[in-house]
Structures are given as C-alpha cells and as structure tokens.
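This report refers to the structure that appears directly beneath it.
The values are calculated or read from the model by the stated rules, or taken from the named source; none is laboratory data. Nothing here was measured: the structure is a model prediction, and the numbers come from that model. A quick note on method: Cβ atoms are made from the backbone with ideal geometry, for glycine too, and the neighbour counts reach across all protein chains shown. For accessibility, only protein heavy atoms count, side chains too; no ligands or nucleic acids. Shrake-Rupley method; radii C 1.70, N 1.55, O 1.52, S 1.80 Å.
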Amino acid sequence: MPVQNPEQIFQQKIEDELKIEPKDWMPDAYRKTNLRQISQHAHSEVVGMLPEGNWITRAPSLKRKAILIAKVQDEAGHGLYLYSAAETLGQSRDEMIADLHTGKAKYSSIFNYPSLTWADMGAIGWLVDGAAIINQVMLTRTSYGPYARAMVRICKEESFHQRQGFEILLVLSQGTDEQKAMCQDAINRWWWPSLMMFGPHDSESTHSEQSMQWKIKRKSNDELRQQFVDMIAEQIKVLGMKLPDKDLKWNAEKKHYDFGKINWDEFWNVVRGNGPCNKQRLDARRKAHENGQWVREAAIAYAEKRNEKNKSKVA
Ligand code: FAQ
C-alpha cells in the first residue's frame, strides 16, 4: 500500500466515516471552521440562558420554577461541554469569551428577541429547542470527534426541553380566553425568528459547501429548516393554534409543507448587532463575567494552595 501523506490520511478518514480527533493532522481551514462553529454554538447556549432566566422569578408555580431552573442550568452545561470541545482545537476559553464580549464572535440570532410573557417559556422550549434539536441531531454525526460526542449528550437534554415547552403551551391552549391569546401571541412572535436559526438560504450560505464536504454539516440549512416546518406544522394541530404564515400549505407532490418568505433583512440586521435585545444580552454577559471575577480568582488561589500542600506531603 502506498504511504499516505497527512492530508490523504485526513481525507480517507472523512470518507470512511471515522472521526477526526484533536491530535490528528487536519487542514487549517477545517480547524478554523470547527472552532468558529463550536465556539459560536457554545456562546449561543450561554447567551440563550438569558431570555428564560428572565422568567425564573416569575414562574407561575413552584413546580414550573424548578423545571425552568433545571432547563436553564442544562444550557449552561451545554455551553461548558462545547467550550471544552472547542478548546481541543487550540483556543482557550478565555479567548473565546473575550471574542464574544467584544462582539467579534457571533451567537444565534434567536436570543436577541425579548421574552415578554410566561407563554414565551413554552414557545422557546417548543420552537427554539425544537429547531436546535433538528440541527443538533445532525451534528451527532459531525466529523470532529469531541463535537459529535458533546452533541449526543446535549440532544438527550434538549428533547426534555422541547417537551416541557410544548406542555406549557398545551396547558395554556386549554385555559381561559386570555391564556389562549397569550399562547397564540407567543407562537406568532417566535415562529419566524425560529426559522432564521437555521441560517441563510443554501445559496447564500458561505460555509455550507466546504462544511458538507468535510462532513461537519450533514444536511443543508434549507433541508433542516424544511424538516422543522414539517414537524411543527403537524404538532401545532394538537395545540389548536395557528402558525402566522398564510402561505403554509401541505404540498402533496413534494410531500412537504410549503411556507412563506423569510424576512432576511430582519435576520441580517439582528446578526449585525441591531436586533431588539443584542445590546442588552451582551451587557448582561459582560456584567456576569465581571461579577464572577472574584470566584475565578478564589478558585485559582484554592487550587494553588492545594498543590502546595500536596507537594509538601510528597516531600
Ligand atoms: N445566527 O455559511 P452559513 C440552542 C452566520 S443552540 C447568527 O450558513 P454555517 C440551544 C454564520 O455564523 C442554537 N449568525 O454558516 C438553546 C456565518 O457567519 P460567520 C445555536 C448566523 O456555520 C435553546 C454566516 O451567517 N446552534 O438554541 C446564523 O455553515 C434554547 C453565514 O452562514 C448552533 O450554533 C444565526 N441563526 O451554518 C439554548 C448549532 N445562521 O461565522 C437556550 C451549530 C448563520 O462566517 C435556549 N451551528 N449565521 O461570520 C450550525 O449548525 C451552523 O453554524 C449554522 C450556520 C447552521 C447555525
């Protein structure tokens, strides 16, 4: 068998569906695009705690409060797995967080919308986590090993998140007229931004072609978006609510739902930092980081003290 150079070994692994691991040789652009995507994903999980965190003190019962706290804590955990996966590519978590705080790194557009009522907790769980799962199930098969393994665990937790969101809406949808209206209003506001989570149309997606070749992405933005529309268009029937799209219609020939045009100007405006809550979200993250400085310093001082103690024991 001819001797293969590192690039050929890398390509062969991709073709054979073997995972690329941190110490393997990889093209610089493969490292860079994974680092970009995984760190943005980590930032999204952490910034994503804010819209729901906003309702923890106002949850309507002790049980709802306990569930919401658990869900928001799960998102923090997802952020930690993902920062760890991204660190294996050679950038420190401190650097990634600094990039988020200076606005250099992106995070998902969806978290720049406000959570105005309790029904938003249902709509976020059902629609936002629902969209996240569809994207992330695909990513359990991504070619970079640490990312794929993090996704397996995250997906298990996301499916609980989606069900708790749906159940919040189900209760509201069977409640008073005011509760039903609140449920419909939350669906109206979160529907289109949820569709935008999948990213621009394939024709506008700068990274898709290369990411599909390297099996970082296994399905395109439009394919995943369609899968999401098909799923939600059926589930909404159980709620007896409507999706805010007059063009939503089953297409028997394509065996998919047709749906209306997405407002891409709105999407790019939010991505560029001008959405309803971009400033508020980044300010909150920066403030949390500053307020946590003493905890990080105390943890380092404690670790150093313990090391000293262990050293003197050995000596
Ligand atoms: N928002 O060429 P593409 C969650 C950017 S986790 C902002 O198509 P790609 C859990 C993109 O970065 C949600 N920017 O890019 C939860 C690129 O700009 P760049 C997050 C976006 O990477 C639930 C440019 O547009 N999930 O929700 C967005 O191939 C509830 C061109 O786009 C992930 O991050 C967007 N929506 O495909 C937490 C999943 N879309 O970087 C709390 C992993 C695109 O060149 C509560 N990520 N852009 O400056 C992915 O699968 C991919 O990165 C895509 C985008 C599919 C998001």
Open item on the list: For the range 194-217, check the following and say yes or no: at least one residue is of a type in the set (Asp, Glu), in contact with a Leu (Cβ under 9 Å, 6 or more places away or on another chain) and at negative phi.
Closed with: no
- [ ] Find the residue count for the range 233-259, including only residues that are in contact (Cβ under 8 Å) with a residue 60 or more places away in the chain and either loosely packed, with under 14 Cβ neighbours inside 10 Å or among the acidic types (Asp, Glu) (or both).
- [x] 2
Task: helices (runs of 4 or more DSSP H) lying entirely in the range 212-315 (those with 2 or more residues that are under 19 Å from the mean Cα position of the chain (by Cα) and aliphatic (A, V, I, L, M)) - done: 221-239, 278-291
Task: Matching option when the condition is touching a His at 6+ places or on another chain (Cβ under 7 Å), in contact (Cβ under 8 Å) with a residue 12 or more places away in the chain and of a type in the set (D, E, K, R), among 230, 202 - done: 230
Task: Residue that is farthest from the ligand (Cβ to nearest atom), among those in the range 144-157 that are free of Cβ contacts under 8 Å to residues at least 40 places away in the same chain and not basic (Lys, Arg) - done: 152
Open item on the list: If residue 190 meets every condition in (1) open to solvent by 10 Å² or more (accessible area, probe 1.4 Å); (2) modelled with pLDDT of 95 or more; (3) not small (Gly, Ala, Ser) apart from one, which number is that one?
Closed with: (1)
TODO: Within the range 283-296, identify whether any single residue is surrounded by 15 or more Cβ atoms within 10 Å (Cβ to Cβ), in contact with a helix residue (DSSP H, G or I) (Cβ under 9 Å, 6 or more places away or on another chain) and under 14 Å from residue 107 (Cβ atoms), and answer yes or no.
DONE: yes
TODO: Go through (1) under 25 Å from residue 242 (Cα atoms); (2) buried (at least 17 other Cβ atoms within 10 Å of the Cβ) and name the single condition residue 142 misses.
DONE: (1)
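The rows are residues; the columns are (1) more than 30 Å from residue 168 (Cα to Cα); (2) open to solvent by 10 Å² or more (accessible area, probe 1.4 Å); (3) outside any helix (DSSP H, G or I); (4) more than 10 Å from the ligand (Cβ to nearest atom).
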site: 45; (1), (2), (3), (4): no, yes, no, no
site: 52; (1), (2), (3), (4): no, no, no, no
site: 73; (1), (2), (3), (4): no, yes, no, yes
site: 79; (1), (2), (3), (4): no, no, no, no
site: 82; (1), (2), (3), (4): no, no, no, no
site: 85; (1), (2), (3), (4): yes, no, no, yes
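If a residue has to be near the ligand (Cβ under 6 Å from one of its atoms) and in contact (Cβ under 8 Å) with a residue 40 or more places away in the chain to count, how many in the range 120-143 make the cut? Let's see the steps before the verdict.
Start the filter on the range 120-143 by keeping residues that are near the ligand (Cβ under 6 Å from one of its atoms), which leaves 124, 128-129, 132, 135.
Then keep just the ones that are in contact (Cβ under 8 Å) with a residue 40 or more places away in the chain; that gives 124, 128, 132, 135.
Adding up the residues that qualify gives 4.
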Task: Restricting the range 10-35 to residues that are of a type in the set (Lys, Arg) and outside any helix (DSSP H, G or I), the residue that is farthest from the ligand (Cβ to nearest atom) - done: 23
Open item on the list: Restricting to the range 100-119, name every residue that is hydrophobic (A, V, I, L, M, F, W, C), surrounded by fewer than 24 Cβ atoms within 10 Å (Cβ to Cβ) and within 11 Å of the ligand (Cβ to nearest atom).
Closed with: 105, 110
Open item on the list: Every residue in the range 208-232 that is near the ligand (Cβ under 9 Å from one of its atoms), of a type outside the set (A, V, I, L, M) and crowded, with 17+ Cβ neighbours inside 10 Å, please.
Closed with: 208, 211, 217, 220, 221
